[in-house]
Structures are given as C-alpha cells and as structure tokens.
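Undergrad: Right, I'll just put the structure down here and ask away after.
The values are calculated or read from the model by the stated rules, or taken from the named source; none is laboratory data. Note that this is a predicted model, so its numbers are computed, not measured. Glycine also receives a Cβ, built like all others from the backbone with ideal geometry; neighbour counts cover every protein chain displayed.
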C-alpha cells in the first residue's frame with residue numbers, strides 16, 4: 001500500500017476540505033491502494049502559540065478584515081516568506097520533518113501556501129526522495145508562498161494562477177490547470193428537476209419555492225445576520241436558508257426570523273451535507289471564498305457575492321462577475337434588488353447566469369488531481 005501525506009493548516013475550512021475531497025476521491029477510485037494521512041503540522045509545532053494562531057483566522061476575518069489584509073500584503077513577497085520560514089515557522093519545519101520520518105510517504109501534497117517550501121526542504125534532506133505536489137486552494141490571486149519552483153508539480157485553479165506560477169519560475173511542464181478540488185458529492189447529486197425536488201423533500205423544503213442560500217464559509221463570516229435580515233424583509237416571495245457554520249452568535253441572532261410573507265427562515269450551524277443545500281437552492285449569497293465559488297459552480301448555482309477578504313479574494317469577485325456567473329452586491333439594497341430580479345418567474349437574468357455557471361464549472365478537477373497524485377506516488381525513489 002502506497003503512503004500519501006497531505007499537509008494542511010486549519011485556517012478556515014478550505015484547506016482541509018480540499019484535502020479531504022482528494023482523499024475521498026482517491027479512496028473511491030483506488031480502493032485499498034493508498035494510505036492517506038492528513039496532517040496539520042501547526043498543531044504539533046512548539047511553542048503552542050504557533051499552533052494556536054490558526055484559531056485566530058475566524059475571529060480576524062469576521063471582525064477585522066483590515067488586519068487580515070495587512071498580514072496578507074505584508075507577507076506577499078519572497079523575502080517575507082523566507083523570513084517567516086527562518087523564524088516563526090522553524091518549529092513547523094521540524095514537525096513536517098518528523099512526520100516524514102514517521103510516515104515515510106511515497107508522495108507529499110501541500111494544500112497550504114506556507115507548507116510548500118518547507119515540504120521541499122524536508123524531502124530533500126531524506127535519503128528516500130518522494131515527489132512533492134502543491135495543490136493551490138485559492139482561486140485567482142495567489143500568495144507568492146504558493147509558487148515554489150522546487151515542487152515536482154503544482155495544481156492551479158485558474159489561468160490567472162497558472163500565469164503567476166509560470167512567472168515565478170515553475171516550468172510549464174510541472175503546472176496542471178485542473179481547477180479547485182471539491183468533494184465528489186457536489187458533482188454527483190442529481191441536477192434534473194425531479195432529482196432536486198427529491199432533495200428538497202428530504203431537507204424539508206418546499207419543492208416549488210425559490211430558495212436563497214446564505215452562507216459564509218466554515219467560520220460564518222461576512223455579515224450573515226445583516227444579509228439574512230435584509231433578504232427576509234425584502235419584497236420577494238422566497239424561502240431563505242442560512243448556514244452559519246461555526247458562528248454561533250449569528251445563529252442565535254437569527255433564531256425565529258421570518259420573511260415578510262411569514263415564512264420561517266431556516267437557520268443552521270455547521271452542516272456536513274452542504275452539497276445537498278446548494279443543489280436544492282436557486283442562488284447563493286456568500287463571501288467570495290474560493291471553495292464556496294467552486295462548489296456553487298459544480299452545483300449549477302449562481303452567486304451573489306456580498307464581500308471578500310482583502311488579498312486573495314478580491315480577484316475572485318472580478319472573475320465571477322466577468323464570466324457572468326454572479327454579481328457583486330455589497331450593499332443591502334443591491335442584494336435585495338438582485339434577489340427580486342432573479343426570483344421573478346421566467347427571469348432572463350437567472351437563465352443567463354445559470355448558463356455561465358454551467359460553462360465555468362470544473363467537476364472533473366478532483367478526479368484529475370487524485371490521478372496526478374497517485375501516478376506520481378509510483379515514482380518515489
């Protein structure tokens with residue numbers, strides 16, 4: 001049995017979600033052939049304050065986006081990344097090296113920008129060489145730490161990211177423009193009207209309603225309460241579902257909310273069947289997170305983007321709008337107006353957006369990533 005080491009960091013849910021998606025795809029396509037370890041080396045790094053920094057991602061992105069933007073831009077250079085690796089990330093390097101000695105992997109896959117250069121150095125220090133693959137989990141604008149010329153392959157999510165990797169010195173033969181990894185459940189659920197109606201009945205939804213899904217990633221970022229209340233108070237006859245993730249405060253604040261037509265707003269916490277909620281909805285209101293965008297596209301779901309993280313998510317907004325798969329509606333009145341337009345029976349805008357979403361979806365991405373990893377695992381020295 002070949003051994004694969006997937007390296008992540010739990011800053012948000014995207015890195016782990018991508019690694020888990022590839023793990024499940026690999027298990028489905030190659031049953032019994034690969035033993036996969038998903039490891040967050042920050043949690044075992046010392047001092048413990050380094051591992052604890054991952055837990056600050058949610059509060060920072062919910063309450064201090066300006067701080068996140070400052071951290072992103074101040075570290076977005078080769079010199080800054082080298083300084084981080086020589087100082088605060090030294091214990092993370094040790095944790096990665098220890099894991100490699102213990103697991104002896106046939107392939108190492110990094111799903112986090114700060115673990116690419118570390119993985120390459122750890123592999124090169126060993127007698128037994130294993131290929132190192134980077135799977136980028138951002139979408140358009142990628143941090144310089146993602147671009148490590150020493151990796152054996154890099155999976156990029158978009159042509160823009162591919163261009164950045166090539167300009168950083170990664171040979172085109174090592175770059176693979178497959179798209180973002182999403183769980184196979186987002187691509188395998190039925191998309192026909194009868195299938196969607198069945199999912200709605202299973203979830204306790206009206207089969208003939210226009211359903212607006214409001215979410216903000218695993219951490220429930222992006223003003224969930226404000227946006228849900230605005231839609232509920234709007235003139236449209238819609239059903240509203242709000243998935244708050246780990247944001248318990250938002251879930252409590254929205255308890256008992258009803259629309260202007262008296263319909264209860266469905267308010268949930270963290271769910272493990274997000275694919276069903278997306279497939280059963282007509283439009284999603286969300287921040288411009290790369291995972292949410294990729295999942296929505298695979299579910300045929302137009303996007304109304306209400307905010308973005310400074311740095312890596314600004315380009316996501318521009319890309320979604322440019323291809324016609326969604327709109328940027330940061331103000332409540334814009335959001336309510338867009339919902340009203342899309343929810344109108346026979347809406348041409350909705351039909352146009354759905355066509356753009358279908359054209360942009362890359363449902364084969366996770367399968368292609370799994371095939372690349374398993375193929376390169378066979379080349380370990």
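Undergrad: Residues of segment 293-315 being under 14 Å from the mean Cα position of the chain (by Cα), under 19 Å from residue 224 (Cβ atoms) and modelled with pLDDT of 95 or more, which ones?
TA: 293, 295, 296
Undergrad: Conditions: (1) more than 21 Å from residue 93 (Cβ to Cβ); (2) buried (at least 20 other Cβ atoms within 10 Å of the Cβ); (3) within 15 Å of the chain's Cα centre (by Cα); (4) at pLDDT 70 or above. Residue 61 meets all but one. Number of the miss?
TA: With (1) more than 21 Å from residue 93 (Cβ to Cβ); (2) buried (at least 20 other Cβ atoms within 10 Å of the Cβ); (3) within 15 Å of the chain's Cα centre (by Cα); (4) at pLDDT 70 or above applied to residue 61, the lone miss is (4).
Undergrad: Could you say which residue among 321, 317 is closer than 19 Å to residue 158 by Cβ, buried (at least 19 other Cβ atoms within 10 Å of the Cβ) and in contact with a strand residue (DSSP E or B) (Cβ under 6 Å, 6 or more places away or on another chain)?
TA: Working: 321 fails: buried (at least 19 other Cβ atoms within 10 Å of the Cβ).
When all the criteria are applied, what remains is 317.
Undergrad: Yes or no: residue 263 at pLDDT below 95, more than 27 Å from residue 179 (Cα to Cα) and in contact with a strand residue (DSSP E or B) (Cβ under 9 Å, 6 or more places away or on another chain)? Quick ask: steps written out before the conclusion?
TA: Numbers: at pLDDT below 95: yes; more than 27 Å from residue 179 (Cα to Cα): yes; in contact with a strand residue (DSSP E or B) (Cβ under 9 Å, 6 or more places away or on another chain): yes.
Yes, satisfied.
Undergrad: Something else: Read through the list (1) in the same structural domain as residue 339 (by TED's automatic domain parsing); (2) exposed (fewer than 14 other Cβ atoms within 10 Å of the Cβ), then give the number of the only condition that residue 159 fails.
TA: Against the list (1) in the same structural domain as residue 339 (by TED's automatic domain parsing); (2) exposed (fewer than 14 other Cβ atoms within 10 Å of the Cβ), residue 159 comes up short only on (1).
Undergrad: Might you let me know whether segment 303-311 holds any residue that is assigned to a loop (DSSP other than H, G, I, E, B), touching a strand residue (DSSP E or B) at 6+ places or on another chain (Cβ under 8 Å), in contact (Cβ under 8 Å) with a residue 24 or more places away in the chain and surrounded by fewer than 20 Cβ atoms within 10 Å (Cβ to Cβ)?
TA: Going through segment 303-311, the residues assigned to a loop (DSSP other than H, G, I, E, B) turn out to be 308-311.
When the remaining residues are screened for being touching a strand residue (DSSP E or B) at 6+ places or on another chain (Cβ under 8 Å), the result is 308-309.
Keeping just the survivors that are in contact (Cβ under 8 Å) with a residue 24 or more places away in the chain gives 309.
Right, trim to surrounded by fewer than 20 Cβ atoms within 10 Å (Cβ to Cβ) and you get none.
No, because not a single residue in segment 303-311 is assigned to a loop (DSSP other than H, G, I, E, B), touching a strand residue (DSSP E or B) at 6+ places or on another chain (Cβ under 8 Å), in contact (Cβ under 8 Å) with a residue 24 or more places away in the chain and surrounded by fewer than 20 Cβ atoms within 10 Å (Cβ to Cβ).
Undergrad: Within segment 205-229, can you find the residues that are in contact (Cβ under 8 Å) with a residue 40 or more places away in the chain and either surrounded by fewer than 16 Cβ atoms within 10 Å (Cβ to Cβ) or outside the structural domain of residue 263 (by TED's automatic domain parsing) (or both)?
TA: Result: 226, single match.
Undergrad: Out of 110, 172, 191, 119, report the one residue that is buried (at least 23 other Cβ atoms within 10 Å of the Cβ) and either out of contact with any strand residue (DSSP E or B) (no Cβ under 9 Å at 6 or more places or on another chain) or under 30 Å from residue 244 (Cα atoms) (or both).
TA: Values: 172 fails: buried (at least 23 other Cβ atoms within 10 Å of the Cβ); 191 fails: buried (at least 23 other Cβ atoms within 10 Å of the Cβ); 119 fails: either out of contact with any strand residue (DSSP E or B) (no Cβ under 9 Å at 6 or more places or on another chain) or under 30 Å from residue 244 (Cα atoms) (or both).
The match here is 110.
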